[in-house]
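Only one structure is covered here, and it is reproduced in the block below.
The values are calculated or read from the model by the stated rules, or taken from the named source; none is laboratory data. Every value quoted in this text rests on a predicted model; they were computed, and no experiment measured them. Positions of Cβ are generated from backbone atoms using ideal geometry, with glycine treated the same way; all protein chains shown enter the neighbour counts.
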There are 2 protein chains.
Amino acid sequence: MEFWYDFASTYSYLVARRVAAATQVNNIKWRPFLLGPIFKAQGITDAPAKANPVKGRYMWRDLERRAERYGYAFRKPSQFPRNPLLAARVATQDEPWVPDFTVRLFRANFEQDRDMDANEIAAVLTEMGIDAQRVLDRANSEEVKLKLKDRTADAMARGIFGAPTFLVGDEMFWGDDRFEDALDWANKK
Amino acid sequence: MEFWYDFASTYSYLVARRVAAATQVNNIKWRPFLLGPIFKAQGITDAPAKANPVKGRYMWRDLERRAERYGYAFRKPSQFPRNPLLAARVATQDEPWVPDFTVRLFRANFEQDRDMDANEIAAVLTEMGIDAQRVLDRANSEEVKLKLKDRTADAMARGIFGAPTFLVGDEMFWGDDRFEDALDWANKK
């Protein structure tokens with residue numbers, strides 16, 4: 001199974017810890033990508049929660065309730081959406097620490113209202129005992145930039161239109177509330 | 001609790017039978033309304049599934065899978081969306097047979113690919129042993145037309161932007177997959 005997520009996506013935050021817990025047993029591949037270019041290609045110029053404020057208000061309340069149910073300390077960030085580009089480049093390096101890094105960065109943004117800039121990313125990597133400068137240098141390499149572009153193009157080609165998305169072969173599941181369905185699907189194959 | 005639904009809404013179909021089963025115990029009020037005028041007021045000119053074909057394809061697949069899980073004989077109607085106006089006027093009469101009528105009409109549209117015009121509605125009412133002509137005459141009365149307009153205006157005023165929507169006081173739950181959350185919320189009060 002593949003877990004496709006965007007670092008700015010609220011519902012990706014909401015599901016990441018559950019995915020991390022299931023990753024080894026279910027051999028889940030983490031696939032950070034950028035939703036922005038996909039929205040743009042579909043003529044969507046603003047995040048759905050911003051384009052429709054009535055729906056947006058509902059989304060924040062829904063997130064609060066679901067976070068409470070999972071026991072997460074969610075709070076609405078003072079800035080939304082934050083730019084996910086650098087974080088996505090860091091996670092596109094496909095290192096074994098990517099799930100842990102992803103969960104920590106999601107929590108920084110959606111629980112502690114911290115930014116997703118180079119300073120905060122370096123702080124998270126350092127907390128994890130990782131050489132932050134080296135990882136950030138690689139994140140800014142042409143190789144990794146290209147890899148992330150390819151990933152995003154691949155997501156679009158496969159019909160991904162939102163995040164989180166779970167792919168089991170060609171079978172697509174969209175939303176934090178479809179993760180368990182995706183797991184069931186993967187396990188009945 | 002209130003169950004707000006539109007007869008053209010796929011996910012309203014998907015939840016209606018579960019709501020019917022829980023209606024008496026949980027004192028659920030059935031609130032048919034029209035989503036069209038609300039979309040229009042928000043500048044949405046086409047049903048979301050049509051406006052974004054990539055997302056639309058996903059929706060049909062998601063519906064198939066969820067229907068299978070519930071054991072429902074869902075199949076994609078040859079015409080979508082069908083005009084829900086007359087059905088909504090029939091159900092706005094708030095008679096005790098509204099839940100049963102609603103479920104039957106949803107199944108006609110989303111399982112048997114039947115229309116929602118006066119003939120089909122009359123056939124369903126007749127199957128139920130109800131005087132179809134009398135109900136249809138009342139559905140076309142000024143009183144009922146106005147009542148449905150007021151209902152739809154009320155839905156918009158309360159922040160409803162999609163269907164199905166469950167309201168527990170001011171607490172809103174949107175989507176067939178939030179019905180059980182809404183029930184939990186109602187019962188913890």
message = Taking the criterion of being surrounded by fewer than 18 Cβ atoms within 10 Å (Cβ to Cβ) and aliphatic (A, V, I, L, M), would at least one residue in segment A:138-152 satisfy it?
response = yes
ask   = Considering only residues of segment B:152-165 that are away from chain A (no Cβ under 12 Å) and within 13 Å of the chain's Cα centre (by Cα), which is farthest from residue B:3 (Cα to Cα)?
value = B:152
query = Assuming residue B:168 fulfils every condition listed in (1) β-branched (Val, Ile, Thr); (2) under 28 Å from residue B:46 (Cβ atoms); (3) within 14 Å of chain A (Cβ to nearest Cβ) apart from one, which condition is it?
reply = (2)
task = Kindly indicate which of B:134, B:114, B:104 is assigned to a helix (DSSP H, G or I) and surrounded by 15 or more Cβ atoms within 10 Å (Cβ to Cβ).
result = B:104
remark   = Being within 14 Å of chain B (Cβ to nearest Cβ) and over 22 Å from residue A:38 (Cα atoms) narrows A:184, A:176 down to just A:184
message = Can you find a residue that is without any contact (Cβ under 8 Å) to a residue 40 or more places away in the chain, polar (S, T, N, Q) and closer than 24 Å to residue A:3 by Cα anywhere in segment A:35-48?
response = no
ask   = If you go through segment A:138-181, how many residues are assigned to a helix (DSSP H, G or I) and within 19 Å of residue A:9 (Cα to Cα)?
value = 13
inquiry  = Go through segment B:65-79 and report how many residues are more than 9 Å from chain A (Cβ to nearest Cβ) and in contact (Cβ under 8 Å) with a residue 12 or more places away in the chain.
reply    = 10
ask   = Which members of segment B:23-39 meet the condition of being more than 13 Å from every other protein chain (Cβ to nearest Cβ) and under 21 Å from residue B:155 (Cβ atoms)?
value = B:23, B:26, B:27, B:28, B:29, B:30, B:31, B:32, B:33, B:34, B:36, B:37
task = Give me a count of the residues in segment B:141-157 that are more than 12 Å from residue B:34 (Cβ to Cβ) and small (Gly, Ala, Ser).
result = 2
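To keep it simple, each residue is scored yes or no on (1) of a type in the set (Asp, Glu); (2) modelled with pLDDT under 95.
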| residue | (1), (2) |
| --- | --- |
| A:100 | yes, no |
| A:116 | no, no |
| A:141 | no, no |
| A:182 | no, no |
| A:188 | no, yes |
ask   = Looking only at segment B:118-130, which residues are surrounded by fewer than 18 Cβ atoms within 10 Å (Cβ to Cβ) and in contact (Cβ under 8 Å) with a residue 12 or more places away in the chain?
value = B:118, B:122, B:127, B:128, B:130
request  = Inspect segment B:2-20 for any residue being closer than 27 Å to residue A:173 by Cβ, without any contact (Cβ under 8 Å) to a residue 60 or more places away in the chain and not in a loop (DSSP other than H, G, I, E, B) and give the result as yes or no.
outcome  = no
ask   = Which pairs do you get when a residue that is more than 18 Å from residue A:81 (Cβ to Cβ), found in segment A:94-117, comes within reach of a residue that is outside any loop (DSSP other than H, G, I, E, B) and aromatic (Phe, Trp, Tyr), reach meaning Cβ atoms under 7 angstrom, with the pair 6+ apart or on two chains?
value = A:98/A:30; A:99/A:30
ask   = Mind checking whether some residue in segment B:41-59 is in contact with a Lys or Arg (Cβ under 8 Å, 6 or more places away or on another chain) and modelled with pLDDT of 95 or more?
value = no
message = Quick check on my filter: what residues within segment B:39-55 are surrounded by fewer than 16 Cβ atoms within 10 Å (Cβ to Cβ), farther than 30 Å from residue B:95 by Cα and within 19 Å of the chain's Cα centre (by Cα)?
response = B:46, B:48, B:50
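Per-residue answers, yes or no, for (1) surrounded by 18 or more Cβ atoms within 10 Å (Cβ to Cβ); (2) in a loop (DSSP other than H, G, I, E, B); (3) in contact with a Ser or Thr (Cβ under 6 Å, 6 or more places away or on another chain):
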site	(1), (2), (3)
A:30	yes, no, no
A:37	no, no, yes
A:58	yes, no, no
A:63	yes, no, yes
A:95	no, yes, no
